[in-house]
Amino acid sequence: MFEPDFVTLDTDNIVISACQALHEDDGDLCGYYMRIENNSNDKIQILGKDLSLTDDKGNSYLQSEQGFKGEILELNQGEYFEFEDLMPVHSASAVLYGTCRIVKEKLNQVKDIKIPALELFSNKIKPYALN
């Protein structure tokens, strides 16, 4: 049974939790789940995310996105947003990290909130070569 390991980071009462999501695919994609919670006293807008993925071979992949699937999100105090997505992983494992851009309504100031570093493991099982 798949039991995800969550990693969580709290920055100014904006809590981001992430874990690998089970993804049924024999390709080079790994699924991940993320939850963004607004525990601050302000309404926030989530403008987008910048993600980096570095695999165990040193290859890097960058993903920058305005909004989430094109939508700018607004979260009142106590609200949260959850989503799942896929990232390409062309090796046995990789690390996903990055930031979400937010605006707190009262401050009207753009701020980057760190996403906790998350280790992703490939769905592929490669047989060992016997010599």
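Within the stretch 65-79, how many residues are exposed (fewer than 12 other Cβ atoms within 10 Å of the Cβ) and either at pLDDT 95 or above or under 13 Å from the mean Cα position of the chain (by Cα) (or both)?
2
May I ask you to list the residues in the stretch 38-86 that are assigned to a loop (DSSP other than H, G, I, E, B), within 20 Å of LYS104 (Cα to Cα) and in contact with a Ser or Thr (Cβ under 7 Å, 6 or more places away or on another chain)?
GLN77
Has the stretch 23-37 got at least one residue that is in a loop (DSSP other than H, G, I, E, B) and at positive phi?
No.
Yes or no, residue by residue, for (1) of a type in the set (D, E, K, R); (2) under 30 Å from ALA92 (Cα atoms):
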position: ASN13; (1), (2): no, no
position: CYS30; (1), (2): no, yes
position: MET34; (1), (2): no, yes
position: LEU47; (1), (2): no, no
position: THR54; (1), (2): no, yes
position: GLU65; (1), (2): yes, yes
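Kindly indicate which of LEU22, LEU53, LEU29, LEU86 is within 18 Å of SER122 (Cβ to Cβ) and free of Cβ contacts under 8 Å to residues at least 24 places away in the same chain.
That would be LEU22, the only listed residue that is within 18 Å of SER122 (Cβ to Cβ) and free of Cβ contacts under 8 Å to residues at least 24 places away in the same chain.
The values are calculated or read from the model by the stated rules, or taken from the named source; none is laboratory data. Predicted model only: the values in this text are computed from it and were never measured. Don't worry about glycine lacking a Cβ; one is built from the backbone with ideal geometry, like all the others, and counts go over all protein chains shown.
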